[in-house]
1. For residue B:45, what residues show an amide H to amide H distance below 5 Å, using hydrogens built from the backbone and excluding near sequence neighbours?
2. With every protein chain in place, what's the accessible area of residue B:108 (1.4 Å probe, Å², nearest 10)?
3. Taking the Cα centre of segment A:51-179 as origin, work out the dipole magnitude from +1 charges on Lys and Arg Cβ and -1 charges on Asp and Glu Cβ, in debye rounded to 20.
4. What do you reckon, how do B:371, B:306 stack up by accessible area (1.4 Å probe), largest on top?
5. I need the fraction of alpha carbon pairs in segment B:414-502 separated by more than 15 Å, rounded to a whole percent.
6. Segment B:381-407 to segment B:483-502: how many Å between their Cα centroids?
7. How far is the Cα center of segment A:74-99 from the Cα center of segment B:241-268, in Å?
8. What does the buried accessible surface come to for B and A, summed over both chains, with the probe at 1.4 Å? Round to 100 Å².
Amino acid sequence: MLKLFKKTKDKIPKSEIIIEPKELKTPPLSKCGKPLLLDNTRWERRLHKELMSLIKEPPPGVTVDTESVQQNLSEWKINIKGFEGTLYEGEDFQLLFKFNNKYPFDSPEVTFIGNNIPVHPHVYSNGHICLSILTEDWSPALSVQSVCLSIASMLSSCREKKRPPDNTLYVKTCNKNPKKTKWWYHDDSV
Amino acid sequence: MDSDNEFLDNVDSGNVSSGDEGDEDFGMDVDPASSTERQLDTEEYQYKVLTTDEIVQHQREIIDEVNVVLKLSTPTTRILLNHFKWDKEKLFEKYFDGNPEEFFKCAHVINPFSKGTEAVRQKTTRNHPEECEICFSLLPPDSMTGLECGHRFCLTCWREYLTTKILTEGLGQTISCAAHGCDILVDDVTVTKLVPDTRVKVKYQQLITNSFVECNQLLRWCPSVDCTYAIKVNYAESRLVRCKCGHVFCFACGENWHEPVQCRWLKKWIKKCDDDSETSNWIAANTKECPKCSVTIEKDGGCNHMVCKNQNCKYDFCWVCLGSWEPHGSSWYNCNRYDEDEAKAARDAQEKLRSSLARYLHYYNRYMNHMQSMKFENKLYASVKQKMEEMQQHNMSWIEVQFLKKAVDILCQCRQTLMYTYVFAYYLKKNNQSMIFEDNQKDLESATEMLSEYLERDITSENLADIKQKVQDKYRYCEKRRTVLLDHVHEGYEKDWWDYTE
Ligand SMILES: [Zn+2]
Ligand SMILES: [Zn+2]
Ligand SMILES: [Zn+2]
Ligand SMILES: [Zn+2]
Ligand SMILES: [Zn+2]
Ligand SMILES: [Zn+2]
């Protein structure tokens, strides 16, 4: 006689399986902040040229903090003045630009820093700015200067000083890097 | 037919159709009347399984067909087709009745017939050095290049720009010009020319092929992991298609073949199950306690008839309802139906359990149960193959032992159908037809459980001819019940019998 099917396992009480948590090992951080990539000289040349032209022919109200740049070419502090005749007249603001080694193919990370963050419907109280050219609409043909001009014009066209409606929640939950935010661009007409 | 192939797939190449689905008749051995597939689906659904190369080839054919009429450059036509989701009729319609300016603008292409293009060309034949707006280098004109929009950058910057877009952002057909605010798209020939790195080129080719398949209504990637075939149909419909890798799925939604429930309800159901995953986790768990002695029991086979292995208990019970097996075994399998009265009693007893949840859990439980049984039955194929080999060493020929494989095939089909009948039933409003449906479901369920149980138990006291006769009787009955159920549901679709709860 032939047995058709043999059960491979008996229906026995299931023993408890204890899964031991694997130890989490954090990878060693590289000492050098800047990962090596692409063509460093081209990257530096472009930043140098941008810096020179910003120092020589700065757009109105814009000045580079040259001391900060001398310390580190990949982080610039830029002062920007509120224009006359706008809601920000007489105010001084500071922007921080951070460039990674893919700049200008990757956009710079730009935030307001310091004690005076402009009260504006597109600027969060932590300094993050909701501006499409800083992420989706970035083009390598844009520059620090064109970003400064866009931000200046964004401030100038403001008609009511107020924070974005979702400020509290956003500031509590956002990533430190504003480029990690999936922005829903606020209505430009504000 | 080659016996080795039987356990993989029976599709060889090129044209396949659903008509031969599961059709593994072996001449003399099979009674044709009882083994015929459901007739409703025999109107041929034509489709082709394409390899990656064939997809690329198919893409070129469409471009050529359009170009016979439009007489534009191949790269431009490709961008236009992509814009119209590879629907050439739509493209022609827009091309011939709209205004050409608007037509090209919407597709993010410079109008090849506009005079401006000429001006750009002339401008670029100038001889003095130009400055690249990205790297700020002053370079001879032959180191600079650009699209028809006239925005020119150096070759190195283009290469880096395109590489970043392809590798970092995963863009293919939708990479636009590097100039700020310019939405003119970079065509594939330009990309291939400007990017020398093979790795990037391969990635780019993958990206554009992928967008071709994904936006084309008549194509669908086989959803099976690691499978690179795509299915091409003549008209998109909810139909069974079988990939060359063996995976069977619904062309319209890409899910496993889910007859009799329709795609939209299945989609709702899957979403609901995901949303309710916490509630369902405990039900989906693979263990239960013996209702009598509380020993933990693991289900390791597809059959719902359980016998407690605690030698002091040996309780016979039903895995689904945990009730005694006795009424199940002798009469019809009795726990498929969500009995409204019983549910009401349960609600009274446990007021905490909201009725909608209870109702959902009822269907979910049965749906999951069949899904899990199906996984076990797929393992059964391996053991069946071994048994068939053993039988051949005794007194049966290869053809004579095929009934066993056929039985498992049918068992799996029935489980799959049953699984989806619970999704169908969950959204169904009660009426006379839905009650007939539930009866059909109950009949199929009991027939399936009987077949499953028979195949799983040790069969020792009978001779092979008897076993064969019994297995065949059982699977033929299952097939019959399945056909009855599906035909009834389809008739309902045609005659508008089904009312839905949502
Ligand atoms: Zn360049
Ligand atoms: Zn352009
Ligand atoms: Zn496949
Ligand atoms: Zn479907
Ligand atoms: Zn027990
Ligand atoms: Zn039961």
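1. The answer is B:18, B:19.
2. Surface accessible to solvent at residue B:108 totals approximately 60 Å².
3. With only Lys, Arg, Asp and Glu charged at Cβ, the dipole is about 300 debye.
4. B:371, B:306
5. So the portion of pairs separated by more than 15 Å is 62 percent.
6. Here the answer is 38 Å between Cα centres.
7. Spelled out, the Cα-based centre of one part sits 57 Å from the other.
8. On the way: alone 26750 and 13730 Å², together 37140 Å².
Chains B and A together bury approximately 3300 Å².
The values are calculated or read from the model by the stated rules, or taken from the named source; none is laboratory data. Model, not experiment: these values are computed from the prediction. Heads up, the Cβs are rebuilt from the backbone with ideal geometry, glycines too, and the neighbour counts pull from every protein chain shown. Note: accessible area is taken over every heavy atom of the protein model, side chains too, but ligands, DNA and RNA are not part of it. Shrake-Rupley method; radii C 1.70, N 1.55, O 1.52, S 1.80 Å.
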